[in-house]
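First the structure, in the form of structure tokens, and then the observations on it.
The values are calculated or read from the model by the stated rules, or taken from the named source; none is laboratory data. Quick caveat, the model's predicted, so the values are computed rather than measured. Positions of Cβ are generated from backbone atoms using ideal geometry, with glycine treated the same way; all protein chains shown enter the neighbour counts.
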């Protein structure tokens, strides 16, 4: 069961690189499907946000085991996609997050600092 996530977010395409961003999105969705099929991730969910005036307009939430997600982040394909995304998307970022059982571990660590 998934205990970790990768939150991959962005604002919008860099002006003049819209087609590259669209092509990249299609390639990345296929790649994530392959990762899921290979059992390297549990699931992934792309989200496009409605207009709201903020600087986060879309993200992908990838769920999986923490150790397997760490391995995925080191894969050459993941690194190459991330480099390209940084070139054609504004405010692109990849952030580790915690879900499921790992949340109780984070709160346990946090509570040590507030007592």
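Brief remarks follow.
- Pairs with Cβ under 7 Å, 6+ apart, first in the stretch 57-68 and touching a residue at least 60 places away in the same chain (Cβ under 8 Å), second in a strand (DSSP E or B) and surrounded by fewer than 19 Cβ atoms within 10 Å (Cβ to Cβ): 63/43
- The stretch 19-44 residues that are under 15 Å from residue 67 (Cα atoms), paired with ones that are surrounded by 17 or more Cβ atoms within 10 Å (Cβ to Cβ) and modelled with pLDDT under 95 (beta carbon under 7 Å, 6 or more apart): 42/2
- Extreme residue, modelled with the lowest pLDDT, among residues of the stretch 3-38 that are in a loop (DSSP other than H, G, I, E, B) and touching a strand residue (DSSP E or B) at 6+ places or on another chain (Cβ under 9 Å): 3
- For the stretch 92-115, the tally of residues that are touching a residue at least 12 places away in the same chain (Cβ under 8 Å) and in contact with a strand residue (DSSP E or B) (Cβ under 9 Å, 6 or more places away or on another chain) stands at 10.
- Taken over the stretch 86-104, the criterion of being surrounded by fewer than 12 Cβ atoms within 10 Å (Cβ to Cβ) and either over 17 Å from residue 61 (Cβ atoms) or in contact with a helix residue (DSSP H, G or I) (Cβ under 9 Å, 6 or more places away or on another chain) (or both) is satisfied by 101, 104.
- Residue check for residue 62: surrounded by 13 or more Cβ atoms within 10 Å (Cβ to Cβ), in a loop (DSSP other than H, G, I, E, B) and touching a helix residue (DSSP H, G or I) at 6+ places or on another chain (Cβ under 8 Å): no
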